[in-house]
Amino acid sequence: MWKPVTRSESVPLNGTLACRHQGWRILVVRTPAGLFALEDKCPHQEQTMGGGLVHEGVIECPWHSVAVELATGRITNTMGFLGMPPVRVFPVKEEDGSVLVDLPDGPPPPPPPLADD
Ligand code: FES
């Protein structure tokens, strides 16, 4: 279901905006090719990717530089990050000055239990 998550002017070109909606952590990224929305949970250590370097359709996590393809969520720098799952991507659009993201109904699923649980 489409949910307004921020105002369009809050997402600069080649910049990011991290926001939350009903428990979802969302990262909105604007590039010359358009707007993208990802779950804002880096597959490395679940940090925010907000403020990461955006270039050539990729965002680099500002913590340890995992590179995530914006259109697919695929990890593109496998060196040191082999086997990491892709980042979830969401459909995104702009209407009447707002950014809307197509989020699943309800809160995000809980993380899987740790090996010691
Ligand atoms: S938390 Fe993103 S690369 Fe480590």
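For the chain, what does the alpha-carbon gyration tensor say about shape, rounded, prolate or oblate, given a ≥ b ≥ c as the root eigenvalues, a/c under 1.5 as rounded, and a/b over b/c as prolate?
Cα axes put the chain in the oblate bin.
Rounded to the nearest 20 debye, what is the charge dipole size of the stretch 2-92 about its Cα centre when +1 sits on each Lys and Arg Cβ and -1 on each Asp and Glu Cβ?
With Lys and Arg at +1 and Asp and Glu at -1, about 280 debye.
Once label points are set 7 Å from the Cα along Cα→Cβ at both H21 and E95, what is their separation, rounded to one decimal in nm?
1.1
Determine the sum of side-chain charges near V58: Lys and Arg each +1, Asp and Glu each -1, restricted to other residues whose C-beta is under 15 angstrom from that of V58.
-1
For a quick check: with amide H placed at 1.01 Å from N, whose amide H comes under 5 Å from K3's, ignoring anything fewer than 5 positions away on the same chain?
Sorted by chain and number, the residues that satisfy this are V101, D102, L103.
Can you compute the label reach from L82? Point 7 Å from Cα along the Cβ direction, backbone N cut-off under 11 Å, restricted to the stretch 35-75.
Answer for this model: none.
Run through the DSSP bridge list for the chain and note the antiparallel percent, rounded to the nearest 5.
Given both bridge residues lie in the chain, the antiparallel proportion sits at roughly 95 percent.
In percent, what relative contact order does the stretch 2-92 have, based on Cα pairs under 8 Å that are 6 or more apart in sequence?
It comes to 21 percent, rounded to a whole number.
If you take the beta carbon distance between K3 and A71 as r and set R0 to 30 Å, what does 1/(1 + (r/R0)^6) give as a FRET efficiency, to the nearest 0.05?
For R0 = 30 Å, the calculated efficiency reads 0.90.
Please give me the summed charge of the neighbours of V28: other residues whose Cβ is under 15 Å from its Cβ, Lys and Arg +1, Asp and Glu -1.
Neighbourhood net charge equals +2.
A short reminder: the numbers here are calculations on the coordinates, not readings from a lab. The structure presented is a predicted model; accordingly, all values stated were derived computationally and were not measured. Glycine gets a Cβ as well: all are built from the backbone with ideal geometry, and neighbour counts include every protein chain shown.
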